[in-house]
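S.K.: Structure provided below as structure tokens; questions to follow.
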Amino acid sequence: MIPLTETQSHWQAKVRQFCLEKVAPTVIERDKQQLFDHSLVKDVLALGLSRIYWPTTYGGFGDDFMSYAVALKELAKFDDGLAITVSVCVGLCCESIASFGTEQQKEKFLNPLIAGETIGAFALTEKEAGTDASGVQTTAVRDGEYYILNGEKVYITNAGEADVYIVFAMTDPEAGAKGISAFIVTKDMVGFTTGPRDSMMGLHTSTCGSLRFENVRVPVANLLGREGEGYKIAMRTLDSSRIGVAAQATGLAEAALAHSIAYTKERVQFGKPLSKFQNTQFQLAQMAIQVEAANLMLYNVAQDKSEGRPYTVSASMAKKFCSDVAMEVTTKAVQLFGGYGYCEDYPVARLMRNAKVTQIYEGTNEAQQMVIGGALLR
Ligand SMILES: Cc1cc2nc3c(=O)[nH]c(=O)nc-3n(C[C@H](O)[C@H](O)[C@H](O)COP(=O)(O)OP(=O)(O)OC[C@H]3O[C@@H](n4cnc5c(N)ncnc54)[C@H](O)[C@@H]3O)c2cc1C
């Protein structure tokens with residue numbers, strides 16, 4: 001295992017302590033009730049998770065990206081719904097504005113997001129534009145000092161809870177992907193509404209839903225980057241946030257392994273603990289190998305980003321690998337728990353449900369293979 005620096009260990013310990021006190025005691029109930037706990041999210045942000053790797057000029061702590069990955073992984077071990085809430089806010093919303101925003105946009109929108117005063121979202125997906133994000137049909141038409149937005153987004157994490165949304169809309173339908181632009185939309189804009197919460201298989205402590213834009217007047221000052229740069233902004237931002245998905249997935253797998261070790265030592269069948277059976281030991285060994293490998297993939301790409309190396313391909317590799325590990329390890333954990341693994345009063349069913357979506361969102365694992373294959377054959 002790669003040793004953590006003092007700063008990275010500090011973040012790991014800080015998040016763990018917070019989770020033991022405030023997250024772990026309520027996660028099963030919040031998950032069952034499908035509760036997005038706004039005040040708990042604010043507490044997580046107040047802990048400093050949204051500040052970790054941003055420069056001090058924007059109110060960040062200026063720590064390395066790896067510290068953020070370590071902190072997010074730790075949060076996901078206890079409550080992956082909270083982790084995706086933070087990850088979308090920091091890895092998608094803040095990252096877009098930090099990389100492509102003007103100084104005025106950073107001051108107005110990024111600083112409060114980093115400070116944890118506001119929550120962010122990222123709205124790319126539409127009914128007809130999922131993996132093929134270039135098929136966006138939401139339109140933005142220039143009208144003097146405004147763009148008029150019309151359309152609908154689906155499956156948007158933090159919908160209804162977020163204050164600031166990065167919205168991708170077509171400004172030049174003839175130009176295909178090069179006709180997409182990105183806008184900063186705030187929840188108070190007239191004509192902007194959110195639909196009811198989606199009913200999902202997992203991530204019940206987060207929230208996800210649709211967004212509707214009916215003649216929403218967005219000031220030209222809220223155009224992110226230049227007209228036509230939206231697709232590039234989306235793809236670059238997703239490169240970075242996929243490291244967050246890898247961190248979440250690795251956290252889920254680590255948690256499943258830890259719960260399985262504890263449970264199989266306790267549970268007695270045929271007069272001895274399950275841990276005494278060779279099959280149990282072999283399953284745990286395979287899970288541990290997968291967790292170790294996922295950590296190495298995660299730390300490899302987090303270091304690439306921390307140290308300024310290109311990371312598009314290593315992020316896709318880590319996202320795919322770690323999410324596949326999460327699915328396999330959590331499934332093994334459910335099997336080791338037997339019927340109790342299938343019961344929502346125990347933690348591993350939740351981990352398995354939450355693991356599934358890490359193979360799907362922020363680009364499916366098939367889409368990651370398109371990125372990797374494309375780079376190999378360039
Ligand atoms: C819980 C959750 C939260 C989400 N949060 C957000 C969010 O905050 N913001 C946002 O913009 N989106 C969000 N999404 C949307 C998510 O990113 C999309 O669901 C995902 O990108 C896949 O798009 P799709 O669902 O339309 O599937 P489709 O694109 O219809 O894909 C269906 C299947 O076909 C495969 N496929 C598609 N094209 C190809 C191809 N060329 N070759 C091989 N296989 C292919 C896919 O891999 C997949 O297996 C979220 C989704 C979920 C479930």
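S.K.: Kindly provide the set of residues from the range 189-220 that are more than 10 Å from the ligand (Cβ to nearest atom) and either in contact with a Cys (Cβ under 6 Å, 6 or more places away or on another chain) or among the small types (G, A, S) (or both), ordered by number.
M.R.: G191, G195, S199, S210
S.K.: Let me ask something additional. Being within 23 Å of E107 (Cα to Cα) and either without any contact (Cβ under 8 Å) to a residue 40 or more places away in the chain or among the β-branched types (V, I, T) (or both) narrows it down to one of T207, T193, T186, T157, so name that one.
M.R.: After applying the criteria, what remains is T186.
S.K.: Right, G195: open to solvent by 20 Å² or more (accessible area, probe 1.4 Å), at pLDDT 95 or above and not aromatic (F, W, Y) or not?
M.R.: The answer is yes for G195.
S.K.: Regarding the range 32-39, can at least one residue be identified that is surrounded by fewer than 17 Cβ atoms within 10 Å (Cβ to Cβ), part of a helix (DSSP H, G or I) and within 18 Å of the chain's Cα centre (by Cα)?
M.R.: For the range 32-39, residues surrounded by fewer than 17 Cβ atoms within 10 Å (Cβ to Cβ), part of a helix (DSSP H, G or I) and within 18 Å of the chain's Cα centre (by Cα): present.
S.K.: Residues I84, I52, I114: which one is under 24 Å from L238 (Cβ atoms) and in contact with a strand residue (DSSP E or B) (Cβ under 8 Å, 6 or more places away or on another chain)?
M.R.: Going through I84, I52, I114 in turn, just one is under 24 Å from L238 (Cβ atoms) and in contact with a strand residue (DSSP E or B) (Cβ under 8 Å, 6 or more places away or on another chain): I84.
S.K.: Being more than 12 Å from the ligand (Cβ to nearest atom), surrounded by fewer than 17 Cβ atoms within 10 Å (Cβ to Cβ), at pLDDT 95 or above and not in a loop (DSSP other than H, G, I, E, B): is that true of V185 here?
M.R.: no
S.K.: Moving to a separate point now. Give the number of residues within the range 85-131 that are more than 8 Å from the ligand (Cβ to nearest atom), in a loop (DSSP other than H, G, I, E, B), of a type in the set (A, V, I, L, M) and in contact with a helix residue (DSSP H, G or I) (Cβ under 7 Å, 6 or more places away or on another chain).
M.R.: 1
S.K.: Considering F183, F168, F192, F109, which residue is on the phi < 0 side of the Ramachandran plot and in the same structural domain as Y68 (by the TED database)?
M.R.: Exactly one of F183, F168, F192, F109 is on the phi < 0 side of the Ramachandran plot and in the same structural domain as Y68 (by the TED database), namely F109.
S.K.: Return yes or no: is Y165 open to solvent by 20 Å² or more (accessible area, probe 1.4 Å), part of a strand (DSSP E or B), within 27 Å of V371 (Cβ to Cβ) and in contact (Cβ under 8 Å) with a residue 40 or more places away in the chain?
M.R.: For Y165, the condition - open to solvent by 20 Å² or more (accessible area, probe 1.4 Å), part of a strand (DSSP E or B), within 27 Å of V371 (Cβ to Cβ) and in contact (Cβ under 8 Å) with a residue 40 or more places away in the chain - is not met.
S.K.: Among the residues that make up the range 54-63, is at least one of them within 16 Å of the ligand (Cβ to nearest atom) and at pLDDT 95 or above?
M.R.: Within the range 54-63 (the criterion being within 16 Å of the ligand (Cβ to nearest atom) and at pLDDT 95 or above), the answer is no, since none of the residues qualifies.
S.K.: On to the next question. Can you name the residue in the range 132-155 that is near the ligand (Cβ under 8 Å from one of its atoms) and open to solvent by 30 Å² or more (accessible area, probe 1.4 Å) and, of all such residues, is nearest to M170 (Cα to Cα)?
M.R.: Once the filter is applied, the top-ranked residue is D132.
S.K.: Report, by residue number, each residue of the range 199-218 that is open to solvent by 40 Å² or more (accessible area, probe 1.4 Å) and in contact with a strand residue (DSSP E or B) (Cβ under 9 Å, 6 or more places away or on another chain).
M.R.: Across the range 199-218, the qualifying residues are M200, R212, E214, N215, R217.
S.K.: Let me ask you something else. Read through the list (1) without any contact (Cβ under 8 Å) to a residue 24 or more places away in the chain; (2) open to solvent by 50 Å² or more (accessible area, probe 1.4 Å); (3) touching a Phe, Trp or Tyr at 6+ places or on another chain (Cβ under 9 Å), then give the number of the only condition that A262 fails.
M.R.: Status for A262: all satisfied but (3).
The values are calculated or read from the model by the stated rules, or taken from the named source; none is laboratory data. On a predicted model such as this, the values are computed, not experimentally measured, just so you know. Cβ atoms come from the backbone with ideal geometry, glycine included; neighbour counts cover every protein chain shown. Ligands, DNA and RNA are stripped out before the accessible areas are found, and what is left, the full protein with its side chains, is counted by its heavy atoms. Shrake-Rupley method; radii C 1.70, N 1.55, O 1.52, S 1.80 Å.
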